[in-house]
Amino acid sequence: MTINSNSDVRNKKYPDSQFTQLKETDLEQVWHWRNQPAIRQNMHNSKTISWAEHQAWFEQLPQSGKVFYIFHQNNRAIGTLYFDTAGPGKLEWGCYVGETDVWPGSGLLLEIAALDYAAAQPHISHLHAEVLSFNQSVLKMHQLFGYQTCPDKPAISLKAASATASTSAAEPFCIKVFEYQTASWRAQRSSILARLPKQISAAADYIHFQD
């Protein structure tokens, strides 16, 4: 599936954001990203993942119904974007950026890419997202884009924060739940992008997915 066919972008001002499905050759890079403390602290499962666990996850991925993309910025792998079935007509999504020296606004481009991906599929009516309540930057982005809030989910346990976490150790948290109607995104995409910084709305023209 190609959502945007600008696959040969030669634009120096705005980055080319390309999403390709995870391959075995990407696996070690993703494993290193996933185990970074700054990424683990915002995951439902914040434990360090062993290489054997990571390989087993990859082997069962084709049967899981999940879709996992590598986020390339100007042909450089910098993070991930992934989707899972969340019920009839619903997709749940998540992402992370594993590199630090990336184009400013890359998180906003991931938000746009997730919504574009879901809205391009006629059988998907809602995009679902779950965020740990202390992850303020992502909560603010979801609010900026106009996600509908759903009832919170309780925390399974107290989360022990890592040394780099912005929360105190063992601070209680909950899971904030959001949904977005894909029909609303198709209708409002242009107006929402117009409210974002101009460089973000311009860079959104260079988002594309490849199977």
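The values are calculated or read from the model by the stated rules, or taken from the named source; none is laboratory data. What you see is a predicted model; the values in this text were computed from it and never measured. Cβ placement follows ideal geometry from the backbone for every residue including glycine, while neighbour counts extend to all protein chains displayed.
Check every one of the strands (runs of 3 or more DSSP E) wholly within the stretch 14-107 and list those with 3 or more residues that are of a type in the set (Gly, Ala, Ser) and under 30 Å from PHE173 (Cα atoms).
76-87
Search the stretch 23-43 for residues being under 14 Å from the mean Cα position of the chain (by Cα) and within 22 Å of GLY65 (Cα to Cα), and hand back the single one that is surrounded by the most Cβ atoms within 10 Å (Cβ to Cβ).
VAL30
Looking at (1) of a type outside the set (D, E, K, R); (2) modelled with pLDDT of 95 or more; (3) more than 19 Å from GLY65 (Cα to Cα); (4) in contact with a strand residue (DSSP E or B) (Cβ under 9 Å, 6 or more places away or on another chain), which is the only condition HIS128 fails?
(3)
If you go through the stretch 172-203, how many residues are charged (D, E, K, R) and closer than 27 Å to ALA86 by Cα?
Adding up the residues that qualify gives 4.
Per-residue answers, yes or no, for (1) in contact (Cβ under 8 Å) with a residue 60 or more places away in the chain; (2) among the β-branched types (Val, Ile, Thr); (3) under 15 Å from GLN188 (Cβ atoms); (4) surrounded by 13 or more Cβ atoms within 10 Å (Cβ to Cβ):
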| residue | (1), (2), (3), (4) |
| --- | --- |
| ASP116 | yes, no, yes, yes |
| HIS123 | no, no, no, no |
| HIS126 | no, no, yes, yes |
| MET141 | no, no, no, yes |
| LEU144 | no, no, yes, yes |
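Only one residue in TRP51, TRP57, TRP93 is among the hydrophobic types (A, V, I, L, M, F, W, C), on the phi < 0 side of the Ramachandran plot and exposed (fewer than 12 other Cβ atoms within 10 Å of the Cβ). Which one?
TRP51
Considering only residues that are more than 18 Å from TYR14 (Cα to Cα) and in contact (Cβ under 8 Å) with a residue 40 or more places away in the chain, which ones fall in the stretch 100-114?
Residues satisfying the conditions do not exist here.
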